[in-house]
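The values are calculated or read from the model by the stated rules, or taken from the named source; none is laboratory data. Fair warning: this is a prediction, and the values are worked out from it, not measured in the lab. Because the Cβ atoms are built from the backbone with ideal geometry, glycine has one as well, and the counts that use them run over all protein chains shown.
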Amino acid sequence: MPDKECISRKKFIRLGAAVGLSAAAAPLASACGGGENSAGSGGTPKASDVLEGGPKVGKGQAIAKESEVKSGSAFPFTDADTGQQSVLVYLEDGEFAAYSAVCTHQACTVAYKDGQLVCPCHGSVFDPASGATVLNGPANRPLPKVAIRVEGGEVIRA
């Protein structure tokens with residue numbers, strides 16, 4: 001009869017507990033963002049799709065010319081006063097809206113996808129046509145609005 005290696009009852013119970021905890025924790029880890037290339041639920045954008053860059057714009061300065069922003073698209077800019085990434089959205093109804101592009105959940109920079117502002121970190125979805133209200137959490141507050149006005153063919157930060 002070959003020698004069998006046995007483990008103690010205590011080690012067996014600890015091993016079982018560790019395996020069970022690992023299995024229970026896996027869905028929680030994936031719910032908290034799967035990293036840079038995560039598709040998330042419903043096609044959440046990748047981190048590379050976030051709205052970054054664009055001009056640094058202070059109060060009274062032009063964010064963009066109306067003709068530079070296509071209907072149904074977004075234009076990133078940086079708020080010169082706060083240093084925060086922001087986004088100008090040309091809504092389908094022909095109006096412009098601007099918001100902070102920093103998610104109110106955990107400060108990730110949002111992306112623009114299918115007419116919505118979407119956080120690639122945890123999947124929060126905001127509706128720019130309705131004051132950036134939260135359509136899907138975990139965020140529970142809308143994105144802060146950036147005051148703008150349209151004047152002389154330009155979108156100005158008010």
**Q.** Filtered residue count, the range 125-141, keeping only those that are within 14 Å of Ser100 (Cα to Cα) and not hydrophobic (A, V, I, L, M, F, W, C)
**A.** 5
Q. Which pairs do you get when a residue that is modelled with pLDDT of 95 or more, found in the range 117-145, comes within reach of a residue that is of a type in the set (S, T, N, Q) and exposed (fewer than 14 other Cβ atoms within 10 Å of the Cβ), reach meaning Cβ atoms under 8 angstrom, with the pair 6+ apart or on two chains?
A. Phe126/Thr133; Asp127/Thr133; Val134/Asn140; Pro142/Thr133
Q) Within the range 124-138, which residues are over 19 Å from Glu52 (Cβ atoms), assigned to a loop (DSSP other than H, G, I, E, B) and within 13 Å of the chain's Cα centre (by Cα)? A) Gly137, Pro138
Q. When the range 76-128 is examined, which residues are found to be surrounded by fewer than 16 Cβ atoms within 10 Å (Cβ to Cβ) and in contact with an Asp or Glu (Cβ under 7 Å, 6 or more places away or on another chain)?
A. Gly115
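Mind counting the residues in the range 76-98 that are over 18 Å from the mean Cα position of the chain (by Cα) and not in a strand (DSSP E or B)?
Restricting attention to the range 76-98, the residues satisfying the condition of being over 18 Å from the mean Cα position of the chain (by Cα) are 80-82, 90-96.
Applying the additional criterion that residues be not in a strand (DSSP E or B) yields 80-82, 91-95.
Qualifying residue count for the region: 8.
Could you identify the single residue in Gly115, Gly123, Gly94, Gly83 that is of a type outside the set (A, V, I, L, M, F, W, C) and in contact with a helix residue (DSSP H, G or I) (Cβ under 8 Å, 6 or more places away or on another chain)? Step through it out loud before you land on a result.
Numbers: Gly123 fails: in contact with a helix residue (DSSP H, G or I) (Cβ under 8 Å, 6 or more places away or on another chain); Gly94 fails: in contact with a helix residue (DSSP H, G or I) (Cβ under 8 Å, 6 or more places away or on another chain); Gly83 fails: in contact with a helix residue (DSSP H, G or I) (Cβ under 8 Å, 6 or more places away or on another chain).
Matching residue, one of Gly115, Gly123, Gly94, Gly83: Gly115.
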